[in-house]
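The values are calculated or read from the model by the stated rules, or taken from the named source; none is laboratory data. Keep in mind that what you see is a predicted model, and the values were worked out from it rather than measured. Here the Cβ positions follow ideal geometry from the backbone for every residue, glycine too, while neighbour counts run over all protein chains shown.
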């Protein structure tokens, strides 16, 4: 199995298909607590015509897992750095397309497009949004929120973030203190870390503007997605100028795997339509 060593000395698992394809390279970015294996159905239909690259982020899938958990480290920065190094390792040149799934994979895909606008040919966001839940604290917090809050996340938290945090904080502390994580911090220290991360996340959302993404963008949402509700995709579609929105019926957050036939048809049609 192919691995490459990142700057911290960890071995990261990656997969590459059809390296000599005549068409462009397509990069697949999985979400938090997922892996490259999630895209197996997309890889099946893309690998014959496109060079496919995907990898398991540090602490995910077949990649190395750090011995110590950093509960407040935002992994987006490391994932972007590791992807850049992987592309150099594989000698990727020219334009490439990016497909990102879920909040973390989709947001990282957007950030890469912002950082390397001259290199990205297209962007595809699957069940994504405008929130960065890219560490343990943020992920637990977001998972505690009811669907109605997620539907209009920013409007709700703008008016009620303190109340919401007060209600969710005890459950976040309990989750971080259980036998899985073994976080060696006092309750006061945990509370401080939690507040820093959640208020930081809200401020990031307020300041995030995807309107400078000028590349062709396909946004696919699932009508039954309780994790990243279709309203988030609709909001992205409004803000990203050159974007197309498709909402798939009878599809939840894992629609690319559950309804792969429909997702793949839309993805292929979009890529083929690009000049």
Open item on the list: Looking only at the range 202-222, filter to residues that are part of a helix (DSSP H, G or I) and touching a helix residue (DSSP H, G or I) at 6+ places or on another chain (Cβ under 9 Å); which one of those is surrounded by the most Cβ atoms within 10 Å (Cβ to Cβ)?
Closed with: 210
TODO: Return yes or no: is residue 9 within 16 Å of the chain's Cα centre (by Cα), over 24 Å from residue 222 (Cβ atoms) and part of a loop (DSSP other than H, G, I, E, B)?
DONE: no
TODO: Just one of (1) modelled with pLDDT of 95 or more; (2) part of a loop (DSSP other than H, G, I, E, B); (3) farther than 22 Å from residue 113 by Cβ trips up residue 59, so point out which.
DONE: (1)
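Specify which of the listed residues (79, 43, 52, 27) is in contact (Cβ under 8 Å) with a residue 60 or more places away in the chain and either within 19 Å of residue 3 (Cα to Cα) or touching a helix residue (DSSP H, G or I) at 6+ places or on another chain (Cβ under 8 Å) (or both).
Going through 79, 43, 52, 27 in turn, just one is in contact (Cβ under 8 Å) with a residue 60 or more places away in the chain and either within 19 Å of residue 3 (Cα to Cα) or touching a helix residue (DSSP H, G or I) at 6+ places or on another chain (Cβ under 8 Å) (or both): 27.
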TODO: Look at the range 67-109 and say how many of its residues are in a helix (DSSP H, G or I) and over 22 Å from residue 16 (Cα atoms).
DONE: 3
Open item on the list: Can you pull out every residue in the range 202-227 that is touching a residue at least 60 places away in the same chain (Cβ under 8 Å) and closer than 16 Å to residue 153 by Cα?
Closed with: 204, 205, 208, 225, 226, 227
